[in-house]
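The values are calculated or read from the model by the stated rules, or taken from the named source; none is laboratory data. Everything quoted here is computed from the prediction, not taken from an experiment. Note that each Cβ is placed from the backbone with ideal geometry, even for glycine, and that neighbours are counted across all protein chains shown.
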Amino acid sequence: MKQQNENKKIVVTLDAGGTNFVFGAICDGRPIGETLTLPSSAHDLDLCLKTLIQGFEQTINSLPEPPVAISFAFPGPADYRNGVIGGYLPNFPSFRDGVALGPMLEHKFGIPVFINNDADLFAYGEAMGGALPRINRRLKEAGSDKCYRNLLGFTFGTGFGFGFVMNGELNLGDNSCVETFCLKHRDYPEYIVEDGIAIRAIKRVYRQLSGDERELEPKDIFDIAEENAEGDINAAREAFATQGRVAGDAMATAVTLMDGLIVIGGGLSAASKYFMPALISEMRSRIRTMSGDELNRVQMNVYNLDDEADFKKFASGSSTKIKVYGTDKEVTYDPEKRIGITISDIGASNAVSLGAYLYAIDHI
């Protein structure tokens, strides 16, 4: 194999699902070569690990140059810094007692191995090559001096994933446990918020509201909302609106603590036309003090960045000129604190892969 070009480093990636492992490679931020799909055999630890080694071997041997690292997301709890996967993993029961996956792969292939949470990598990919630079570019084109450096990434799918990037650094916390799925549910505080946002929530709420006992998936319910399939249209739309209110409540808490732009991805983000109005309304809601005062739930104005009218207001802000005391000078002052929400335009899977690639390049 040829010597690797410094600007064309290759990183091998993996989409680790409970049913299949999908192996691939990225160079210069773009996928190269063919992907390889193998059954994960998640129930059998020995077979699962042999499959991982086989998949990485085949992928590496197919590349034009040797990779500089392996980097991928793995679902569930882990000690990501040390590459140890373990704990409650419904899709990987054989990993429950802890598996030193990173050290094993580093020993086998002799290159650095990075494993991270998929939502963290989603946020990192969006911060470095997705929503964050896109919004900042649009702001500059609109003549705004505003520039955002922080990004909160949320994924709506089988779970409610979360990642946070601040000033270009992925915040992994001290325990690899930066999460929002376990916040309290807005309407049922004895339950976790994920139960009101994930796929199972859409299915449950539609069934409760409609009385329809068919085994429908969110895509089916979306088609009903669009009047393209038979069913209860109002119940379908309300199922997504309920998701939006519950998500908005959780996201209001997160963005209050971690001031930054918000990007949403995942399979359910395709229904944004039905959940986004309720989500925005929830984040713009009011809250009271015990003395009777009323204030905004989120201490920044919240804008839907995919709505042209809202983006125009977001970009213009409230700039004004104020005098510098004791001089004849003036400075521009914008007193409006504001954040915005957008749907990923590169897609969660692409953002995760890009995040995995960039994280490896940044850390080798």
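Summary table
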quantity	calculated
Single residue of region 257-291 satisfying the filter (among the β-branched types (Val, Ile, Thr) and either in contact with a Ser or Thr (Cβ under 8 Å, 6 or more places away or on another chain) or surrounded by 15 or more Cβ atoms within 10 Å (Cβ to Cβ) (or both)) that is farthest from Ala131 (Cα to Cα)	Ile280
Number of the exception - Gly347 against (1) under 25 Å from the mean Cα position of the chain (by Cα); (2) closer than 19 Å to Ala142 by Cβ	(2)
Failed item, numbered, when Gly153 is tested on (1) buried (at least 21 other Cβ atoms within 10 Å of the Cβ); (2) farther than 30 Å from Ser319 by Cα	(2)
Those residues of region 175-210 which are in a helix (DSSP H, G or I), free of Cβ contacts under 8 Å to residues at least 40 places away in the same chain and among the β-branched types (Val, Ile, Thr), in sequence order	Val205
Pairs with Cβ under 9 Å, 6+ apart, first in region 44-59 and outside the structural domain of Leu89 (by TED's automatic domain parsing), second not in a helix (DSSP H, G or I) and not aliphatic (A, V, I, L, M)	none
Residue ID - surrounded by the fewest Cβ atoms within 10 Å (Cβ to Cβ), chosen from residues in region 84-135 that are among the charged types (D, E, K, R) and closer than 25 Å to Ala42 by Cβ	Asp97
Residue in region 78-85 that is charged (D, E, K, R), more than 17 Å from Ile361 (Cα to Cα) and assigned to a strand (DSSP E or B) present	yes
Residue check for Lys312: over 28 Å from Asp145 (Cα atoms), loosely packed, with under 15 Cβ neighbours inside 10 Å and assigned by TED's automatic domain parsing to the domain that holds Tyr206	no
Gly33, sole failed condition from (1) more than 19 Å from Gly102 (Cβ to Cβ); (2) among the small types (Gly, Ala, Ser); (3) outside any strand (DSSP E or B)	(3)
Listing of strands (runs of 3 or more DSSP E) fully contained in region 213-307 that carry 2 or more residues being under 30 Å from Leu170 (Cβ atoms) and in contact (Cβ under 8 Å) with a residue 24 or more places away in the chain	261-265, 301-304
Qualifying residue in region 93-114 (condition: of a type in the set (Ser, Thr, Tyr), more than 17 Å from Gly168 (Cα to Cα) and touching a His at 6+ places or on another chain (Cβ under 8 Å))	yes
